[in-house]
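Student: Handing you this structure, nothing more for now.
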Amino acid sequence: MQRAAPLDTIAAAVRRERERLGISLTELARRAGVAKSTLSQLEAGSGNPSVETLWALAVELGVPFSRIVDPPAEPVQVIRAGKGYVVHSEQAPFTAVLLSTCPPGARRDLHVMQAEPGGSREAHAHIVGTTEHLVVVTGRWLAGPDEEPVELAVGDYIRFRGDRPHRYEALEPASSAVLLMEYV
């Protein structure tokens with residue numbers, strides 16, 4: 001099966017979810033704090049959306065992040081290292097690759113994250129009931145709720161509420177982690 005280009009997938013998903021809610025492009029842009037021109041370009045399959053833009057849209061649409069960035073997968077899926085759809089942060093030297101999306105009836109997404117020191121990825125609250133699980137693979141991270149982030153080393157695990165503002169910051173070069181987002 002040939003997969004759609006990432007921007008085509010995102011464009012179709014944002015439009016589908018916006019229409020499901022019965023709101024205009026202008027109204028979604030306003031609610032998400034995204035420029036109408038940015039959202040228009042995104043729905044047209046052009047532009048280069050940041051992770052912040054995509055998360056804001058997912059929150060306002062009331063769907064997991066994966067629902068707007070990845071089409072439903074076949075039962076067996078392989079994503080080779082370095083080949084997944086990479087989303088960059090506007091705030092920090094941070095990237096995330098969505099590895100696995102929620103199958104019907106489940107509410108979770110699996111990501112691999114990479115970051116370099118030099119900025120913090122400030123994440124807004126996700127949909128109500130979101131829990132984040134993070135395991136450090138390489139380097140060191142400062143991660144967790146904005147009010148009490150925790151320093152983490154290789155092999156460390158943290159669980160925290162993702163429906164409140166939180167952060168990820170690499171403390172060493174070439175830091176990576178696996179993130180499981182669980183939705184209720």
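The values are calculated or read from the model by the stated rules, or taken from the named source; none is laboratory data. None of the values given here were measured: they were computed from a predicted structure. Virtual Cβ from ideal backbone geometry, glycine too; neighbours counted across all protein chains shown.
Student: Kindly provide the set of residues from the stretch 6-32 that are of a type in the set (A, V, I, L, M), within 25 Å of A92 (Cβ to Cβ) and touching a residue at least 24 places away in the same chain (Cβ under 8 Å), ordered by number.
Tutor: L7, I10, V14, A32
Student: Find the helices (runs of 4 or more DSSP H) located wholly in the stretch 1-56 whose residues include 3 or more that are of a type in the set (A, V, I, L, M) and within 26 Å of E122 (Cα to Cα), and list them.
Tutor: 6-21, 25-32
Student: Kindly provide the set of residues from the stretch 22-37 that are under 29 Å from R167 (Cβ atoms) and either hydrophobic (A, V, I, L, M, F, W, C) or crowded, with 16+ Cβ neighbours inside 10 Å (or both), ordered by number.
Tutor: Passing the criteria: L28, A29, A32, V34, A35.
Student: Going by the conditions given, is E151 among the charged types (D, E, K, R), modelled with pLDDT of 90 or more, part of a strand (DSSP E or B) and under 20 Å from L54 (Cα atoms)?
Tutor: Judged against the criteria, E151 is not a match.
Student: Related question: Here are some residues: L98, L179, L171, L110. Which one is surrounded by fewer than 21 Cβ atoms within 10 Å (Cβ to Cβ), touching a His at 6+ places or on another chain (Cβ under 7 Å) and either more than 20 Å from E52 (Cα to Cα) or of a type in the set (A, V, I, L, M) (or both)?
Tutor: After applying the criteria, what remains is L179.
Student: Check the stretch 126-145 and report whether any residue there is in contact with a helix residue (DSSP H, G or I) (Cβ under 9 Å, 6 or more places away or on another chain) and not assigned by TED's automatic domain parsing to the domain that holds P49.
Tutor: Looking for residues that are in contact with a helix residue (DSSP H, G or I) (Cβ under 9 Å, 6 or more places away or on another chain) and not assigned by TED's automatic domain parsing to the domain that holds P49, one finds at least one in the stretch 126-145, hence yes.
Student: Could you list, ordered by first residue, the pairs with Cβ atoms under 6 Å in which the first is in the stretch 33-54 and farther than 25 Å from V112 by Cα and the second is of a type in the set (G, A, S) and surrounded by fewer than 18 Cβ atoms within 10 Å (Cβ to Cβ), at least 6 apart or interchain?
Tutor: Q41/G47
Student: Then there's this: Determine, yes or no, whether A4 is at pLDDT 90 or above and touching a helix residue (DSSP H, G or I) at 6+ places or on another chain (Cβ under 8 Å).
Tutor: no
Student: Tell me which of these H133 doesn't satisfy, since it passes every other one: (1) assigned to a loop (DSSP other than H, G, I, E, B); (2) surrounded by 15 or more Cβ atoms within 10 Å (Cβ to Cβ).
Tutor: With (1) assigned to a loop (DSSP other than H, G, I, E, B); (2) surrounded by 15 or more Cβ atoms within 10 Å (Cβ to Cβ) applied to H133, the lone miss is (1).
Student: Testing A143 on (1) part of a strand (DSSP E or B); (2) of a type in the set (G, A, S); (3) out of contact with any strand residue (DSSP E or B) (no Cβ under 6 Å at 6 or more places or on another chain), one condition comes back false. Which one is that?
Tutor: A143 satisfies every listed condition except (3).
Student: Something else about it: For P117, indicate whether it is in contact with a strand residue (DSSP E or B) (Cβ under 8 Å, 6 or more places away or on another chain), surrounded by 14 or more Cβ atoms within 10 Å (Cβ to Cβ) and more than 20 Å from V86 (Cα to Cα).
Tutor: Judged against the criteria, P117 is not a match.
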